[in-house]
Amino acid sequence: MLEKLRKIVQKVNAAEDLQSALRIIVHRVRETLEAQVCSVYLLDKDINSHVLMASEGLNETAVGHVSLPVGEGLVGLVAKHAEPINLQDASLHPSYHYLQETGEENFNSFLGVPIIHHRSVLGVLVVQNDKRHRFDEGEEAFLITLSAQLAGVIAHAEATGAIEGISPSGHKTSDTIFPGVSASSGVAIGHAVVLFPLADLSQIPNRQASDIEREVEFFNSCLNAVRKDIRDLHSKIAGHVAEGERQLFDVYLHMLDDDALGNEVVERIKQGNWAQGALAYVAHEHVRNFEIMEDEYLSERAVDIKDLCSRVLFYLQEKETVITDYSTDTILVSEELTPAMLAEVPKDKLKGMISIKGSGNSHVAILARTMGIPTIMGAVDLPYNKLDGREIIVDGYKGEVISNLSDQLRKRYLNTIKEQDLLIAELDELKDLPCVTADNHRVNLWINTGLISDVIHSLDQGAEGIGLFRTEEPFLLHERFPSEQEQSDIYREQLRAFAPKPVTMRTLDVGGDKALPYFPIEEANPSLGWRGIRVTLDHPEIFMAQIRAMLRASIGFENLQIMLPMVSNVGEVNSAMQLLKKAHNELILEGLEVKFPPIGVMIELPAAVYQTRALAKLVDFISVGSNDLTQYLLGVDRNNPRVADLYSAFHPAVLNALQHVVSEAQKEKKSVSICGEMAGDPGAAVLLMAMGFDILSMNAATLLKVKSVIRSVSLGSAHDLLEQVMQMDDAQMIRSAVDMTLYDSGVDRLLRSSRTN
Ligand code: PEP
Ligand code: MG
C-alpha cells in the first residue's frame with residue numbers, strides 16, 4: 001500500500017496543472033481501491049460551492065458543471081465537519097442530495113474524506129460503489145493518508161491558477177490573496193522581480209524575451225557548446241567504461257542531435273519566453289512525461305533530461321550574467337531571501353519583499369524591519385516563478401500578498417500608503433522630544449544595529465545608545481573572517497558615530513540560522529547546536545581577534561560595552577571573562593591605553609533565565625534576547641512559517657520569564673535591558689517598561705512609534721495593565737488587553753503599523 005501511495009503522490013506532483021493532477025488522482029484511487037467511482041469536489045469560494053472537478057465513474061458531462069452550495073449534500077457535510085463519512089447506503093442519509101446529471105443513483109456505498117491544507121478544507125475526495133457495503137477501515141485510512149499528502153499539491157496547483165486570475169472551477173477572479181507571515185509592517189504596491197539561484201531548473205521564473213532573434217541565437221550557441229562537451233566526454237571515456245554506460249552518451253547526443261529538445265525550446269522562445277524560461281519549461285515537460293511512465297527504465301530517463309538541460313542552463317547563465325532589471329517599484333521575491341540579495345537592489349527602488357521560506361523572526365526579517373521595507377515571509381503557497389513582472393501588493397500589516405488587482409483594491413491600498421506616509425511625517429516631530437510617560441517616568445530607547453548604514457539612520461531617529469550591535473552582519477559581507485584590523489576599523493566607525501553614547505557590541509553569534517558562507521556548520525539540529533558563545537569559546541583565536549579589535553577600536557571614545565550571546569551556564573561566562581582579561585592585558589602590554597569595558601550576558605535560553613542572578617553576579621549588565629528566548633521557551637523555530645502562528649512573545653510563559661529576569665537582575669543591582677524584536681512593538685514596550693526594564697533596544701524604524709506610545713501612557717496605567725495580563729493564561733487575550741490600552745490612550749493608529757505576534 002505504501003508503494004502505491006508513494007507512486008500516486010509522485011505522479012500527482014509531476015502534473016502540469018490542477019486539471020491533470022485531479023485526473024490522475026481519480027484514476028489512480030479508483031484503480032487502487034477497486035471502486036466504481038472516484039471523484040474530487042473542490043471549494044470555489046467565488047461561487048461558495050463545492051464543484052465536481054474530476055470524476056471517473058460518474059457522467060463525464062457533469063464534471064466542471066455540477067456543484068453543491070457550501071453545506072449541502074454529503075460532500076458539504078464532510079467539508080463542514082472536516083471528517084470522513086463512510087456509508088453503506090448514501091441515499092438513506094438525511095444530508096444526501098441527489099444530483100441527477102451525475103448518474104450517481106447507481107451507487108449506494110459512499111466514502112468521502114476532506115482535503116485539508118493549513119487547517120482549511122479545500123474539498124472532498126469521494127469513492128462510491130454499487131454494493132451496499134461500507135468501505136473497510138484500511139480503505140478509509142488509505143484515503144485519509146492520501147488526501148493529507150495531496151492537499152499541499154492541490155493547494156499549489158490552485159494557487160498557480162489563481163495567480164493568473166482563475167478560480168479552481170475556471171471563473172475569472174481578481175484580488176487573489178496568498179497568506180504569509182508579516183515580517184515588516186507597512187504596505188507596498190509594485191512590480192515583482194523574482195531572484196533565483198543559478199543552475200536550478202526548477203526555480204527559473206517566466207520572463208519576456210527582450211529580443212527574440214538574439215535569444216534564439218544565444219540558445220543555439222549554448223546548445224552547441226553542450227553538444228561539443230558531450231562528444232568530448234564520449235571520446236574521453238571510450239575504453240574506460242562499460243558499453244552500457246557509454247550508450248548513455250549516445251542517448252544524450254541523440255536527444256540533442258535530432259533537435260527534439262532544442263526545437264521545442266526555440267519554439268517557446270519564439271512565443272516570447274526568454275531562453276532560460278523556455279528551457280526550464282521544456283525540461284519540466286519532458287521530465288514529467290518520463291517520470292510518470294510505468295516502465296522503471298524509462299522513468300529513470302527523467303534524470304538524464306534534467307542533467308542535459310542543466311548543462312545547457314549552465315552555459316546560458318555562464319555566458320550571460322543576468323543583470324536584473326530593477327523597476328522603480330521593485331517588490332523583491334525569492335524562494336529564500338538573503339541579506340546579499342537585499343544589498344543588490346538600489347534602495348530607492350526597493351518597495352517591498354517576499355520570501356517563500358523563513359518567518360517573521362528570522363534574521364532577514366529583522367534586516368527588513370531595520371530598513372523599514374514591508375515584507376512577507378513564509379508565503380509557502382505562492383507560485384513565485386509565475387510572478388515576475390506582475391503588479392502585486394505586499395500587505396505587511398496583515399501578512400498577505402495580493403495579485404490580480406482590481407481598480408477598487410488598488411485605490412484602497414494607495415490611500416493606505418498615503419496614510420502611512422502621513423504617520424511617518426507626524427512621528428518625525430517626536431525625534432527631539434524626550435521619551436517620558438505622561439507621569440514623567442523616563443524610559444531609555446536604544447537601537448539595534450548591524451551595518452554602519454543602520455547607525456546613520458538611527459542617529460536621525462534620536463536613539464540614545466546602541467543596545468545590540470550584531471557583529472556577525474559585517475562578517476557576512478566578507479569572504480573570510482575579517483582580520484583584527486579590518487574589524488577594528490568597522491567597530492571604530494560605530495563607536496565614533498555614537499560617542500559618547502554607549503555602544504553594546506555582541507561577540508560573534510553565528511550558527512543556527514546565521515551561517516557564514518566561509519564557515520559552514522552542518523548540523524542536524526542547528527538551533528540546539530553549535531552557536532554563539534559555544535563556537536567562539538571553541539575557537540579562541542576567532543574570539544580573541546574580535547575582542548582585541550573591539551577594545552582597540554574603543555580607545556579615545558570609551559563608550560564600548562561587550563555582550564555575550566547564547567550563554568547557558570556560568571562556566572561559559574567565566575571562560576569568556578578570562579579571554580577578555582587576557583586580551584585587555586595583551587593590549588596594555590602592547591602599550592595601548594585601553595579601558596576594560598562593562599561586560600554583559602544575554603539571556604536567550606530558558607536555562608539562563610533561571611540562572612539570571614548567578615550570571616548577574618559575574619557581569620555588569622543583563623540583556624534579554626527575546627527572539628531566541630521565545631523560540632526556546634515555546635519550542636517554536638523562529639524561522640519556520642508552519643509554526644509561525646505559535647510564536648508569540650505575549651505567551652504567559654515568556655512574560656513570566658521576563659519578569660523573573662528583571663527581578664533577579666535587580667536583586668544584584670545590575671542594569672537590565674531587552675534587545676529582541678519585542679522591545680520595538682509599542683504594546684509590548686508598555687509591558688516591558690512596567691516590568692522594570694531599564695533600556696528597550698529596538699530597530700530604528702520602530703523607535704519613534706514606541707516613543708509616541710510611551711509618551712501617551714502613564715507608568716501607573718502600565719503597571720495596572722501588567723498586573724492584569726499577568727493573571728491571564730492566553731497569549732491572544734493578553735495581546736487584546738494590550739491593544740485595548742493603546743486604543744484608550746488614543747494611539748490606535750500605531751497599532752496597525754507595528755506589531756510582533
Ligand atoms: C534575540 O535573540 O532576541 C536577539 C536579540 O538576538 P538575535 O535576534 O540576533 O538572535
Ligand atoms: Mg539571539
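Of note:
- Sole residue being farther than 20 Å from M698 by Cβ, in a helix (DSSP H, G or I) and away from ligand 1 (no atom under 16 Å from the Cβ), chosen from L422, L405: L422
- Top-ranked residue of segment 658-667 - restricted to ones that are of a type outside the set (D, E) and either in contact (Cβ under 8 Å) with a residue 40 or more places away in the chain or open to solvent by 10 Å² or more (accessible area, probe 1.4 Å) (or both), ranked as nearest to L722 (Cα to Cα): Q659
- Any hit, segment 601-618, residues being more than 23 Å from E677 (Cα to Cα) and modelled with pLDDT under 95: no
- Lone unmet requirement of (1) over 26 Å from E336 (Cβ atoms); (2) within 15 Å of ligand 1 (Cβ to nearest atom) for L629: (1)
- Filter result (away from ligand 1 (no atom under 16 Å from the Cβ), more than 19 Å from S202 (Cα to Cα) and open to solvent by 10 Å² or more (accessible area, probe 1.4 Å)) within segment 352-373: G372, I373
- Residue count, segment 564-623 (criterion: away from ligand 1 (no atom under 16 Å from the Cβ) and of a type in the set (S, T, Y)): 2
- Among the candidates N444, N404, residue that is open to solvent by 10 Å² or more (accessible area, probe 1.4 Å), on the phi > 0 side of the Ramachandran plot, away from ligand 2 (no atom under 16 Å from the Cβ) and modelled with pLDDT of 90 or more: N404
- Each residue in segment 632-646 was checked for being within 14 Å of ligand 2 (Cβ to nearest atom) and open to solvent by 10 Å² or more (accessible area, probe 1.4 Å), and 4 pass.
- The residue that is most open to solvent (accessible area, probe 1.4 Å), counting only those in segment 575-597 that are within 25 Å of G676 (Cβ to Cβ) and touching a residue at least 40 places away in the same chain (Cβ under 8 Å), is M577.
- Close pairs from segment 638-657: first within 17 Å of I366 (Cβ to Cβ), partner of a type in the set (A, V, I, L, M) and assigned to a loop (DSSP other than H, G, I, E, B), Cβ under 6 Å, at least 6 apart: P641/V380; Y647/V636
- Selection over segment 499-542 of residues that are open to solvent by 20 Å² or more (accessible area, probe 1.4 Å) and in a loop (DSSP other than H, G, I, E, B) gives a count of 17.
- A count restricted to segment 144-154 and to residues that are of a type in the set (A, V, I, L, M, F, W, C) and surrounded by fewer than 18 Cβ atoms within 10 Å (Cβ to Cβ) stands at 2.
- Residues of segment 199-213 that are polar (S, T, N, Q) and within 30 Å of the chain's Cα centre (by Cα): S202, Q203, N206, Q208.
- Subset of segment 644-670 (residues that are closer than 20 Å to D729 by Cα, assigned to a helix (DSSP H, G or I) and away from ligand 1 (no atom under 13 Å from the Cβ)): A644, D645, L646, P652, A653, L655, N656, Q659, H660
- Looking across segment 10-41 at every residue that is at pLDDT below 85 and not in a loop (DSSP other than H, G, I, E, B), the one that is nearest to A280 (Cα to Cα) is identified as N13.
- A608 being farther than 30 Å from A545 by Cα and free of Cβ contacts under 8 Å to residues at least 60 places away in the same chain: no
- Against the test of being in contact (Cβ under 8 Å) with a residue 40 or more places away in the chain and open to solvent by 10 Å² or more (accessible area, probe 1.4 Å), the options A701, A679 yield a single qualifying residue, A701.
- Odd one out for F557 among (1) within 20 Å of K670 (Cα to Cα); (2) touching a Leu at 6+ places or on another chain (Cβ under 6 Å); (3) open to solvent by 30 Å² or more (accessible area, probe 1.4 Å); (4) not acidic (D, E): (1)
- For V153: the one exception among (1) part of a helix (DSSP H, G or I); (2) among the β-branched types (V, I, T); (3) modelled with pLDDT of 90 or more: (3)
- All of (1) open to solvent by less than 40 Å² (accessible area, probe 1.4 Å); (2) closer than 28 Å to K172 by Cβ hold for I8 with one exception: (2).
- Which listed residue, of Y397, Y413, is of a type outside the set (K, R), open to solvent by less than 70 Å² (accessible area, probe 1.4 Å), part of a loop (DSSP other than H, G, I, E, B) and away from ligand 2 (no atom under 16 Å from the Cβ): Y397
The values are calculated or read from the model by the stated rules, or taken from the named source; none is laboratory data. None of the values given here were measured: they were computed from a predicted structure. As a convention, Cβ positions derive from the backbone with ideal geometry for all residues, glycine included, and neighbour counts pool all protein chains shown. Note: accessible area is taken over every heavy atom of the protein model, side chains too, but ligands, DNA and RNA are not part of it. Shrake-Rupley method; radii C 1.70, N 1.55, O 1.52, S 1.80 Å.
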